[in-house]
1. Looking at (1) on the phi < 0 side of the Ramachandran plot; (2) open to solvent by less than 60 Å² (accessible area, probe 1.4 Å); (3) modelled with pLDDT of 90 or more; (4) assigned by TED's automatic domain parsing to the domain that holds L617, which is the only condition G567 fails?
2. I need every pair where a residue in the range 127-150 that is more than 16 Å from D307 (Cβ to Cβ) has its Cβ under 7 Å from the Cβ of a residue that is charged (D, E, K, R) and modelled with pLDDT under 90, sequence separation at least 6 or different chains.
3. Pick out, from the range 682-797, the strands (runs of 3 or more DSSP E) lying fully within it that include 1 or more residues that are charged (D, E, K, R).
4. Being on the phi < 0 side of the Ramachandran plot and at pLDDT 90 or above narrows it down to one residue among L772, L800; which is it?
5. Name the pairs: first residue in the range 298-320 and closer than 10 Å to A153 by Cα, second residue β-branched (V, I, T), Cβ to Cβ under 8 Å, at least 6 apart or on different chains?
6. Report, ordered by the first and then the second residue, all pairs with beta carbons closer than 8 Å, sequence separation of six or more or different chains, a first member in the range 220-234 that is closer than 15 Å to L197 by Cα and outside any strand (DSSP E or B), and a second member that is open to solvent by 60 Å² or more (accessible area, probe 1.4 Å) and charged (D, E, K, R).
7. Pick from the range 794-819 the residues that are of a type in the set (A, V, I, L, M) and free of Cβ contacts under 8 Å to residues at least 40 places away in the same chain: which of them is most open to solvent (accessible area, probe 1.4 Å)?
Amino acid sequence: MSLWSRIANVFRADRLSREIDEELQSHLAEAAEQGRDPAEARRALGSALRLREESRDVRLIVWLDSLRADAVFGWRQLMKNKLVSAAAILSLALGIGACTSAFRLIDALLFRPLPVTHPEQLYELARTGIDPEGRIGTFDGWAYPDFQQMRAAARGEAELIAISYSQQTDITYGSDQYMEKVYLQYVSGWMFSSFGLRPTLGRLLSESDDLKPRAHPYAVLSYDYWKRRFGEDPKVIGRTFRMGNDLYEVVGVGPKRFTGTEPGTIIDIFVPTMMHPGAVRPDWTWMRTLARVNPGVPLELLRARLDATSRAFEEDRAKGFLGMTKKEINEILNHPLIMEPAASGASDMQSDYRTSLAALGVLVALVLLIACANVANLMTAQAAARAREMALRVSIGAGRWRLVRLVLVESAWLAFLAAALGGLFAWWSAPVVVGMINPPDDPARLVLPADWRVVGFGLALTVGVMLLFGLAPALRASAVQPVSALKGGQDPHSRRRLMHALIAVQTAFCFLVLFVAGLFVATFQRLSNRPTGFSADRLLTLDTVARRPQAQVYWNQTLQHLRELPGVESVALANSPLMAGWSWNNSVSVAGAPPNGVLSYFMSVSPGWVETMKIPLIAGRDFRPSDTYPGMALVNQTFAKKYFNGDNPVGKSFDMLFYNGKSAHFEVVGLVGDVCYRDVHEAILPQAYYPFQSRDSKNALELKGQDQGTFIVRTAGANPLAMASILRREVPRAWPEFRVSNIRTQIEIDQSHTVRERLLARLAFFFGVVALLLAGVGLYGVLDYSVLQRRREVAIRMALGARAGHIARRVTADVYSMVVAGALAGLALGFASVRYIESLLYQVRPTDPRMLALPALTILAAALVAGLPPVIRAVRIDPAAILRAE
């Protein structure tokens, strides 16, 4: 008989039994036809039961049939306790689904290799050291001339690839009236060939496209963008689009799976690095550097060569900075080059969310462990109730492995049913979490395929969970002593000790989840409520661009037009909104002295900007319409402290120092309050504001035109977005060359800096609630089981005169002592975990009594609520009825 037939017979047992019975009857009928006595024929054949079993064993796979029988029995056991089984499946499903969802996010952002040939050969070049604000960190920005020298130094051992930071850019395919935003990346022309990629349509960029600055305005569309924007139209090849003053020609469409090298961002358009305006500037770090290292090349020797090359470049570049001492130059140069594996690419989202996702993964794992402890307690209680059944099985010859398998199959039913529901939860929840990482102007875009990596993780997790909550109860059930169990002499205390230990574990993990959740929620609250120094209410920012620089008179004309609109309270102009991600810093010299090593940050603003932003003017005056750059400046209080020893700086002057020894002279005309310039997380920076209108460097008598700026509008109404469509129309109506490329509220910009903290606070709070509910359910189950097992003891004590309070203490003392022990263990785990998540915290002290009291009081309240029904049931026991029944 073939293997497949034997497997098929396992799942058609009734039909197989009928076939065997028919075969036996045919043998008896044949004997009767031959004239033999029927009774003698039956004796000659032997035992019909033995023959039937032997025949079954030949026609099927015995162990598989036994496993099928265990599965059927396990399903019936689940159906006997539908409510309890459903609770166990749902709690496990939540834990498994959350873990699988977290894995999808972590894998997509941190571990999934890029769809290129040999991604394991990719490394990212970066530098480590102390930044100008005194923070230790890793910096992956490079100037293109530095990259060119390092590429020459590595030739023959590695291929270096320049890839810019992705940026949202305004482009037009036809009229300027139809401007759209795309994610664009400047890349080395040889990137595609080095990655072993082939075009879907047309051709990809080549090294010949990337030799001369601004000489080859070619573009390659990503497959995702081609499909989404053009519906896979093959006629896209040869089309042109305008970006700024450059007209680009589409020459190809990239491969289907390649969406760029920045996990978290899906690139729409790739263009040559030589088209970037900073391609020849040694003082502009605008790109990352990836290295594809040839097999067999020693990494340390290559790193040392690249480090020496880059240091020589930086030393030469530092000579151009006016007034810097040798010590200050050495501090800047003391940033050693490192090579970090980049098989999964490199992005800011990876560095920003690496620790956050690790913390999230630990939280969901703890929730899953709490659910496993719950189900383990359930299985232990069921094993106790089935002790006589197990004893009977042992008595009739069942081995220990047979009993272990019986209980494990039931656990497998729970685990795989939970995994099915958890898979649905993971499929839904992972995109939802990604949707929460959504600053208004730069939403996260992650590829989340449900491929073999995710399925494999889910299966491994399911098997692990099954063993975690099912193995101990299975081993305990299989160790039953038949004589003792049949006499009812099994020791109940050993089972209670295991269940109480699991309660302590649950409580410890629950305390840890609540403690960490409290830290994340407090961090989010403190960041959200941190004073920014300006009022974001009713502020609308209009990022405005023009194809070519426009004279200052047109900017002023548009400014005045917007001020006259109904519903507008005030309008000002700046080169960028505060906290919008843009920054410009330089060294400052006061009275000809060398710079003090502190970088200052600059922004160009129009007269009335201080008033529109509601920033206090502490001394001096605001800008006048006649003020220009260079010339006058406003400075904040921190600037005054850093450069003027806290004295009133009005009337004093300073110089902004540039590369190659150039400088710009400013006279301070006003002192303003401190504001958050770049990020709500960082300390207040020294800031100086100069007039938006600037004089031409070649002709000081003429004003320089600007091709972009931001109108800051404070509306009279409470909802500034109600004015968005009106303002978008009115800007080009005031001057047709202007186009509004983006409209945001200042509140949206501010909130974009707390996206990570908001995500962690919400998810941690959710999992904290889930952990508390699961721990409460587990505590209730153990107390209820304890009362059930001690009914006779309670009845005797009550018959002897014990009061209700004494009974309640006796019933709950052991369990609540485990709760206290678990809480203390959780506190220790919490303190140990702080050092791993301290980079995610902001002005939160883990030793703050409120941070410690909140999880402790929450667990205490949950324990009291969960313990109340079993205690009530215990004190309402009828001693006479119990003792009479016993």
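1. (1)
2. If the second residue must be charged (D, E, K, R) and modelled with pLDDT under 90, the pairs left are E133/E682; G137/D131.
3. Fully inside the range 682-797 and qualifying: 706-715, 738-745.
4. Answer to the selection: L772.
5. Qualifying pairs under 8 Å: L302/V293.
6. That search, which allows pairs on different chains as well, returns Y223/K256; Y223/R257.
7. Here is the first cut: in the range 794-819, the ones of a type in the set (A, V, I, L, M) are 794-796, 798-800, 802, 804, 807-808, 811, 813, 815, 818-819.
Among the residues that remain, those that are also free of Cβ contacts under 8 Å to residues at least 40 places away in the same chain are: 800, 802, 813.
Working: L800: 147, A802: 31, A813: 53 Å².
Looking at the filtered set, the residue picked out is L800.
Conditions tested, residue by residue: (1) of a type in the set (G, A, S); (2) under 29 Å from N529 (Cβ atoms); (3) in the same structural domain as L773 (by TED's automatic domain parsing).
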{"site": "A799", "(1), (2), (3)": "yes, no, yes"}
{"site": "Y836", "(1), (2), (3)": "no, yes, yes"}
{"site": "T847", "(1), (2), (3)": "no, yes, yes"}
{"site": "A861", "(1), (2), (3)": "yes, yes, yes"}
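The values are calculated or read from the model by the stated rules, or taken from the named source; none is laboratory data. Everything quoted here is computed from the prediction, not taken from an experiment. Note that each Cβ is placed from the backbone with ideal geometry, even for glycine, and that neighbours are counted across all protein chains shown. Remember, those area values only see protein heavy atoms, side chains included, never the ligands or the DNA or RNA. Shrake-Rupley method; radii C 1.70, N 1.55, O 1.52, S 1.80 Å.
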